[in-house]
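Right, one structure below, let's go through it.
Where a number appears in this text, it was derived from the coordinates with a stated rule and is not lab data. Every value quoted in this text rests on a predicted model; they were computed, and no experiment measured them.
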Amino acid sequence: MKSMTRRNFLTAAGALAGTFALAGCGGGQAEQAADDATEEAADGDLGLVTEGSITFAVSPDYPPFENLVDGEYVGLDMDLGRAVAEQLGLECVYTNIDFDGIVPAIVAGGQADAGLSGISITPDREDEVNFTTPYYIDNQAVAVLADNADVTEDNAAEVLNSAEMTIAVQSGSTGADFAAENFPNAEQLAFPQFTDAFAAVSAGQANAVCGNLAVVEQMLAGAYTDQHVVLTSATGEEYAICVNKDNEALLAAINEALATLQEDGTIDELIAANMG
C-alpha cells in the first residue's frame, strides 16, 4: 500500500468539519460558544491547574506534531494548543511527560489540564479520559533500513511476523498496539520516546519501527534517511485532546474553541504549515 500524501491528509482533515458541525456550533453559534467558553475561563470555572493558564501535557519527540527545537515547542499540536488557549483567553503552558504517562497524568490530575500529544482516540483511552472532537486523521506505517533486502513492500506483512524479528515502538502508543496485533510472533522493543525507536533500527537493535505514518515520514525525511517505509495501513486514527472525565466544563470549552478554529480555517492552515 502506498503512503498517504500530504494532500490526502489535508483532505481527510478537512472532512472533519462535519464532525465539528455536529457539536452544534455553526456561524454565529460558534462565535457565541467561543465567547461563552472565554467567559468561563475568565471566571475560573474550568478547574485549571493554574488560574489564567491552560496546561497541556506533551511528549515533545513526535514531529511534525510536537518537538523541541532550541528550547521552543514547535509542531501542529503546539500551534493548536496556543490557538485554543487564545480562544479561551488563557496563557498556554506545556509540561513534558513521557507519552505513556500522559493519560494517567490527566486521570490523576494536578499536573496538567489536558493531554495534547498526537493522542489517538481508542476505546481503552476513552475508558479513562474524555476526548474532544478530533482535529487530525493518521494511519500506521512500518519502516526498516533501506539496505535491508530481506524485508520489502511485497513481503513485509509476512516476514515481520516472525520470532526472529524485533520491532521498535513507543511505549503506550497505537503503533505498539498495531505491531502486537499484526506481528504477534515478533519481539517488541518499547521506548518512552519515539525517536529512540528509530535510533534502535539504525543501530541494529531492531529490524523495524512501527508508528503513525505522518511521524514516520517526518523522521525518515530528517535524521533517519537510512530507513524507508515498507508497509502502511489505513487505520484512520483520530487525534484529539484528552481531559479528565470529571471536568466537563473544560471539555466543552475546548470543543467550542476547536469548532471556531475549524470554522475560520485555522486548523487547515496549521496542518498545511506543519505537514509540508
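Residues in the range 101-118 carry Karplus couplings, in order, of x, 5, 4, x, 5, 5, 5, 6, x, x, 9, 8, 8, 7, x, 9, 7, x Hz; the curve used is 6.51 cos²θ - 1.76 cosθ + 1.60 with θ = phi - 60°, and Gly or Pro positions show x.
For residue 241, the residues whose amide H sits under 5 Å from its own are 132, ignoring neighbours fewer than 5 places away on the same chain, with H placed 1.01 Å from N.
Start at zero, step by 5 Å, and the Cα-Cα distances of the range 182-266 spread as 3, 11, 17, 16, 14, 11, 11, 11, 7, 1 percent across the bins.
In sequence order, the range 59-64 has phi-based couplings of 10, x, 9, 9, x, x Hz under the Karplus curve 6.51 cos²θ - 1.76 cosθ + 1.60, θ = phi - 60°, and Gly or Pro positions carry x.
Backbone amide hydrogens, once placed in the peptide plane, bring residue 227 within less than 5 Å of 146, excluding anything fewer than 5 places away on its chain.
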